1. Taking 25 Å as R0, compute the FRET efficiency from the Cβ-Cβ separation of A110 and N37 and round it to 0.05.
2. Arrange the residues T5, T81 by how much accessible surface each exposes, largest first, with a 1.4 angstrom probe.
3. With the full set of protein chains in place, find how many percent of the accessible area of the chain is carbon and sulfur; take the probe as 1.4 Å.
4. What does DSSP give for the chain in terms of the percent of beta bridges that are antiparallel, rounded to the nearest 5?
5. Before I look further, what does the chain give for accessible area per residue, probe 1.4 Å, in whole square angstrom?
6. Given (i) 76, 33, 25; (ii) 54, 36, 30; (iii) 47, 36, 29 as candidate values of Cα extents along the principal axes in Å, which corresponds to the one derived from the coordinates?
7. What's the FRET efficiency of E66 with A131 using the Cβ-Cβ distance as r and R₀ = 30 Å, to the nearest 0.05?
Amino acid sequence: MRGLTLLLGLVLALAVAEIGLRLFVVQEGKRMATYDNILGWRGLPYGQGVYSRQSDNIEVDFQYNELGFRDRSVPPKDAGTKRLMLLGDSFVESLEVDYDTTFGAQIEQALKSRDSNWDVCVIGSQGYSTAQELLAFQMFQPIVDADLVLL
């Protein structure tokens, strides 16, 4: 009986410690990926969290759009709008920097400063290969309706 009480106490202490760590310690690299039967993985649609890497003093809030990528939502393209699709891997996803400083946001700002009819859509995830990028293009081009694609 004494052994069982000791075991139960140990299990309870470990459970409380686990809950405490999950609530109060930022998990490194937490990115909310989900399984995708075509691409293998992508971000959880509408997911949000904090990407953290303590060794480099990085802690960035992020959110994914309805497609599961780090970008604003992708509405149907308006008449007269030109749309650029950025395809890529972690460089395109840019979890280590604030959204406004991502490559996608910067290129959209530069395009809009020359022509306000441009829209940029980001399709990229950590670890994507060119094969996954091609599959992502085939999967999301009907939704994004890009006029120009940059890989």
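1. Values: r = 36 Å, r/R0 = 1.43.
The calculated FRET efficiency here is 0.10.
2. Details: T5 90, T81 35 Å².
Highest to lowest solvent-accessible surface, that is T5, T81.
3. Details: 5640 of 9460 Å².
Looking at the chain in its full context, I get 60 percent from C and S.
4. Values: 10 of 20 bridges.
The antiparallel fraction comes to roughly 50 percent.
5. Numbers: 9460 Å² over 151 residues.
About 63 Å² of surface per residue is accessible.
6. (i)
7. Values: r = 24 Å, r/R0 = 0.80.
After rounding, the FRET efficiency stands at 0.80.
The values are calculated or read from the model by the stated rules, or taken from the named source; none is laboratory data. These numbers were taken from a predicted model, which means no experiment stands behind them. Note that each Cβ is placed from the backbone with ideal geometry, even for glycine, and that neighbours are counted across all protein chains shown. The area values use the complete protein model at the heavy-atom level, side chains included, leaving out ligands, DNA and RNA. Shrake-Rupley method; radii C 1.70, N 1.55, O 1.52, S 1.80 Å.
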